[in-house]
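Step one of this worksheet: look at the structure below.
The values are calculated or read from the model by the stated rules, or taken from the named source; none is laboratory data. Just so it is clear, the structure is predicted and the values come from calculations on it, not from any experiment. All Cβ positions, glycine included, derive from the backbone under ideal geometry; neighbour counts span all protein chains shown.
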């Protein structure tokens, strides 16, 4: 960039060849144009837009239940923004021809409460039975904590179950749906809320068999 005084050239406010001229504080400012304009539709940008769309669709498909999963987000973030931020650069698989969501890496809750340890997730005649260790001997764990389990089906149905954590070493929670099979399930997660919903655990992906 060069600066030219007005007495010799007068005010310069035009574009010519590869230069653009403007006036600032009585001086002519000459700037070079960008030689190669940025490609606003590059392959990388197309992938980013496709990934963003996938995460938005995932958020919408969970019907608002993930809004409970980010109670300690910064005040500047909405639950929607917190979900997008947690997943956009983590939960997308780019190995195929088109990007797809890796549900095993998706975060549906994020917090400091101790999570439950999943033992199994079994689809059967009554629904999905998730077995977990309550770990009530760990600090911050309360028997009154609420365990939230939910699954999304291939049809787009959202199945939700809730119960208190309890104090038994091993417990189960049933996501009711008669005669469901593992092939019917897109994804399944468990997270823990404290009694008043102000704290939450990180979510745990459940492999349903």
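A few remarks follow.
- Of the residues 190, 200, the single one that is in contact (Cβ under 8 Å) with a residue 12 or more places away in the chain and farther than 23 Å from residue 124 by Cβ is 200.
A quick yes/no check of all residues on (1) in contact (Cβ under 8 Å) with a residue 40 or more places away in the chain; (2) surrounded by 15 or more Cβ atoms within 10 Å (Cβ to Cβ); (3) farther than 27 Å from residue 89 by Cα; (4) under 20 Å from the mean Cα position of the chain (by Cα):
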site: 101; (1), (2), (3), (4): yes, yes, no, yes
site: 111; (1), (2), (3), (4): yes, yes, no, yes
site: 120; (1), (2), (3), (4): yes, no, yes, no
site: 125; (1), (2), (3), (4): yes, no, yes, no
site: 128; (1), (2), (3), (4): yes, yes, yes, no
site: 138; (1), (2), (3), (4): no, no, yes, no
site: 143; (1), (2), (3), (4): no, no, yes, no
site: 151; (1), (2), (3), (4): yes, yes, no, yes
site: 161; (1), (2), (3), (4): no, yes, yes, no
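- Within segment 87-118, being out of contact with any helix residue (DSSP H, G or I) (no Cβ under 7 Å at 6 or more places or on another chain), at pLDDT 90 or above and within 24 Å of residue 140 (Cα to Cα) holds for 111, 112, 113, 117, 118.
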